[in-house]
Amino acid sequence: MKKSIAVEYEDFADYSELPELEQNLVEKAYSISSNAYAPYSNFKVGAAVLLENGEVVLGSNQENIAYPSGLCAERVALFYAGANFPAETIKLLVIVAKGDLLPFDKILSPCGSCRQVLVESESRQTEPFQVILVSQNRRTIRFSSAKDLLPFAFGTI
Ligand code: THU
């Protein structure tokens, strides 16, 4: 029997079409990406996590000369949220990137390891959280659940 999975997401020409709260988070994510420590890749990523209590947790990628020891921006932010606000529900995660490696009109799609962390962060709470990805030319896609980014995540089927 053949089966398939469909993933729904919204596509916006410009992040100004998002509600103001979400636009502010996109701007915060861009702003924190300047703090990336990315001397090896020159690829700067920023992440903003909105918690239910209104707290915003920000992260940027942090590299290391022992390359695998570095960490992606979204994992920095999600782990900080887990470490400091373990009981707080995550409402929304924004991920943005800038750098010569990323064409201006392309959206960064997060890496597999981060997706696994996104999925588990979501599974710790009773409701899903939205994921927003934005390109440097402001095109935006929005998922309503982290699970949509990783069908068949590690686990059982
Ligand atoms: N990176 C992130 O921060 N998030 C992703 O989703 C993909 C990649 C970082 C890791 C590394 O510091 C640089 O971008 C190049 O891969």
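The values are calculated or read from the model by the stated rules, or taken from the named source; none is laboratory data. Model, not experiment: these values are computed from the prediction. Every residue, glycine among them, receives a Cβ derived from its backbone with ideal geometry; neighbour counts consider all protein chains shown. The accessibility values were calculated without ligands, DNA or RNA, using every heavy atom of the protein model including side chains. Shrake-Rupley method; radii C 1.70, N 1.55, O 1.52, S 1.80 Å.
Ordering Gln130, Ala47, Ile107 by the projection of their Cα atoms onto the charge dipole of the chain, which places +1 on the Cβ of Lys and Arg and -1 on the Cβ of Asp and Glu, puts Ile107 at the extreme positive end. Restricting the calculation to Cα atoms, the chain yields a radius of gyration followed by a Dmax of 15.2, 50 Å.
Share of the chain's accessible area from carbon and sulfur, percent, 1.4 Å?
Numbers: 4610 of 8870 Å².
Within the chain, the accessible surface is 52 percent carbon and sulfur.
What is the sum of charges, Lys and Arg at +1 and Asp and Glu at -1, for the other residues whose Cβ falls under 15 Å from the Cβ of Leu51? The answer is -4. Within the shell of other residues whose beta carbon sits under 15 angstrom from the beta carbon of Tyr40, the net charge comes to -1, with Lys and Arg scored +1 and Asp and Glu -1.
Considering only Gln116, Thr156, Val56, and ranking their Cα positions along the charge dipole of the chain that arises from unit charges at the beta-carbon of Lys, Arg, Asp and Glu, the one farthest toward the positive end is Thr156.
In debye, nearest 20: dipole of the chain around its Cα centre with unit charges on the Cβ of K, R (+) and D, E (-)? Each step should come with its number before you reach the end.
On the way: 14 positive and 19 negative charges, 105 e Å.
Using only the charged Cβ atoms, the result is roughly 500 debye.
Per residue, the accessible area of region 46-86 comes to 48 Å², computed with a 1.4 Å probe over protein heavy atoms only.
For the listed peptides 117-129, 144-156, a ranking on the average number of other beta carbons within 10 Å per residue, highest first, reads 117-129, 144-156.
Charged neighbours of Leu108, selected by a Cβ distance under 11 Å, balance to +2 (K, R count +1; D, E count -1).
Divide by every residue of the chain the summed helix terms, -39500 (n - 2.57) for each DSSP H run of at least 4, and state the resulting mean residue ellipticity at 222 nm, rounded to the nearest 500 deg cm²/dmol. Please report the intermediate quantities before stating the final value.
Values: 3 runs with 38 residues, N = 157.
Value at 222 nm, helices only, nearest 500: -7500 deg cm²/dmol.
Of the residues Ala66, Ile32, Phe143, the one whose Cα sits farthest towards the positive end of the charge dipole of the chain is Ala66 (charges of +1 on Lys and Arg Cβ, -1 on Asp and Glu Cβ, taken about the Cα centre).
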